[in-house]
Amino acid sequence: MRGWLALALSLTGLTLTSAAPVPATQSKSRQHLSRQDPSSSNSTSSPSNTTDASRPKLVIAHHMVGNTYPYTKSDWASDIALASSAGIDAFALNVGTDEWQPDRVKDAYDAAAESGMGFKVFMSFDMTVMPCASPDDATTLRNYITTYASHPAQQLYASRVLATTFAGESCTFGQSSVAEGWKTQFTQHPDLMGDGGESKVWFMPSFFVDPATFGGYDGVMDGALNWNSAWPLTIASSDSNAPSIVSQVLSTTSNTNSTSNSTLASLLSSSTTSTSDAAQQALGAFTGTTTDGQYLSGLASMPNGGKAYMATASPWFYTHYGQDSFNKNFVYYADAHLYPTRLSTLVSNCDTIDMIQLLTWNDYGESSYLGPIAGAQPNSQAWVDGFEHTGWLSLTAYYAQAFKAGSYPEVKNDTVWMWSRPHVKDAVAGGDGVGRPDNADLLGDTLWAVSLLSSPAQVTLSTSPTNTRTFNVDEGISMLSIDIYAGDTMRAQVVRGGETTVDVNPEFTFQGAAGTYNFNAIGLRALLVLYSDVDHSRFNEL
């Protein structure tokens, strides 16, 4: 699989809307996103810069320390350089209980400080594995905070040590309630109190609770991390309404050949009378705006105000563990350009969103990784090896800059990202002992593409000599798609004034059969022309 990757820049993978099939001679232009109009005139909120330097807009990537056993400080330095080039400001270090993890955390902090890039790190406590039943259990958490509070690479927010969790909504630390446990043993424990009577920690946990109950966590939460906003979890095979939601998402913009950020924001706006309530609800569930609103409302109801909101975005999700292992075998719906769609939505609403956490940098077991395949995989090699995702980082850079600056950057070079899966969704893998993953029925056999153009051009997607779509595309970003069938390949071309500026034609065949199931993403990014390696130095020159 790596053979064809060496021909292109790298892999990608996600979606938003389906492009209507049209002959090349009848391709239509579509609305486009200009640098001066970051989202659309109908967006629910327009981007604005933060006015408090101690509370900057941040783009963060979730880094699984548990997958870094063989890492050295130089490995951390490599990750940091790559992440920084993609507009990522910090790593959230997901830590558990392995005795070797504190050493990796130290290397991460030191590598960030020595990078000279201003890159930061902070703790994200995985409370699904860290004990939290007794007061002593909180000591480990506090020690991480006190050890690195003054470290030059510590990410601060509102001049306090930023910290998050994965879960923790059942932790009492031996106290009478969850809120009392976190308050007395962590956020307001004497070890973490400053001279002015204020906690040294800015705590934004990912508690899996109803946001309407946030008011009960006064003195604990300074904000919230909305972990599950990265994926449309309500779109699942177990929900009888899921096929209808998928249909609404894919058909809402079927009158156009592509969907830009401005078109998406217009569709999500309640003032868009041409969009049905059902379609708006489907798009709200798909893009995460529904759960964003619930979290923002819950935070606004908390005493004292000033709470921060950390939304999430993810490029993919597929996990394939059997009952003799982690016993999880499913996909989250990531068709319809999920990743750029979610990022576009967050940019549109960045006056109410303080931070974005990208899920993830290196969670290979769930196929959500944006970073290179490195470190120690959690027995996920069967569906991860050969499926690089680093091509998505340059797409991330475009949106990260827009989120933090309040306007989209000028596009200097033509770029195309495209991705699909390795085999048809209905393939039968007779040699797979784990079985077909849940939710696979909801997926389509589609080649997804995103173009980012410096000026108008024609973009052609092809999967075979008889299956081709050509689009007249304006400058800026566009989301395109074409059906793909067993035996097909993938190709994308950008032509302007008779000159081909991008031509991507990798050695890839969409399989009709499979020995084992693999619903991971496979695709690539091409910038101007093909390169032999990923040219990460170009990430900031989009």
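Every number in this text was worked out from the coordinates using simple rules, so none of it is lab data. In this text the structure is predicted, and so the values were computed from the model without any measurement. FYI the Cβ positions are ideal-geometry reconstructions off the backbone, even for glycines, and counts take in every protein chain you see.
Before moving on, here are some points about what is shown:
- Of the chymotrypsin sites (Phe, Trp or Tyr not before Pro) in the stretch 318-353, the ones in a loop by DSSP (not H, G, I, E or B) with at most 15 other beta carbons within 10 Å are Phe326.
- Taking 29 Å as the straight-line reach from the Cα of Lys183, the lysines in range (excluding those fewer than 8 positions away in the same chain) are Lys57, Lys106, Lys120, Lys200, Lys307.
- The stretch 50-140, dipole about Cα centre (Lys/Arg Cβ +1, Asp/Glu Cβ -1), debye to the nearest 20: 380
- Relative intensity, log₁₀ I(q)/I(0), of the stretch 157-228 from a Debye sum that treats every alpha carbon as a point, q = 0.19, 0.24, 0.27 Å⁻¹: -0.73, -1.14, -1.36
- Computed over the alpha-carbon pairs of the stretch 352-407, the distance histogram in 10 Å steps reads 22, 44, 24, 11, 0 percent, short to long.
- Distance between the stretch 272-345 and the stretch 451-522 - C-alpha centres, whole angstrom: 27
- Stretched out straight at 0.36 nm per residue, the stretch from Glu507 to Asp136 would grow longer than its current Cα-Cα span by 128.0 nm.
- Mean separation of Cα contacts under 8 Å, 6 or more apart, over the residue count of the stretch 416-517: relative contact order %: 34
- Overall, the stretch 398-468 carries a charge dipole of about 220 debye about its Cα centre when +1 sits on the Cβ of Lys and Arg and -1 on the Cβ of Asp and Glu, all other atoms neutral.
- Translational diffusion coefficient (Stokes-Einstein; Kirkwood radius from C-alpha pairs) of the stretch 65-111 at 4 °C, 1.567 mPa s, in µm²/s: 118
- Taken one residue at a time, the phi angles of the stretch 453-462 give Karplus couplings (6.51, -1.76, 1.60, θ = phi - 60°) of 10, 7, 7, x, 7, 9, 10, 10, 9, 9 Hz. Gly and Pro are set to x.
- The stretch 316-419: GluC sites (Glu not before Pro) in DSSP loop, at most 13 other beta carbons within 10 Å: Glu410
- Local electrostatic count, Trp383, Cβ distance below 12 Å [Lys/Arg +1, Asp/Glu -1]: -2
- A viscosity of 1.306 mPa s and a temperature of 10 °C, combined with the Kirkwood radius over Cα pairs in Stokes-Einstein, give a translational diffusion coefficient for the stretch 102-201 of 112 µm²/s.
- Compared with the direct C-alpha span, the chain from Thr500 to Thr468 gains 9.9 nm at full extension, assuming 0.36 nm per residue.
- Taking Lys and Arg as +1 and Asp and Glu as -1, the other residues whose beta-carbon sits under 15 Å from that of Asn241 total -3.
- Karplus (6.51, -1.76, 1.60) ³J(HN,Hα), θ = phi - 60°, over the stretch 72-81, in Hz, Gly and Pro reported as x: 10, 4, 5, 5, 4, 4, 5, 4, 5, 4
- Placing R0 at 30 angstrom, the Cβ-Cβ distance between Ser297 and Ser244 gives a FRET efficiency of 0.70 after rounding to 0.05.
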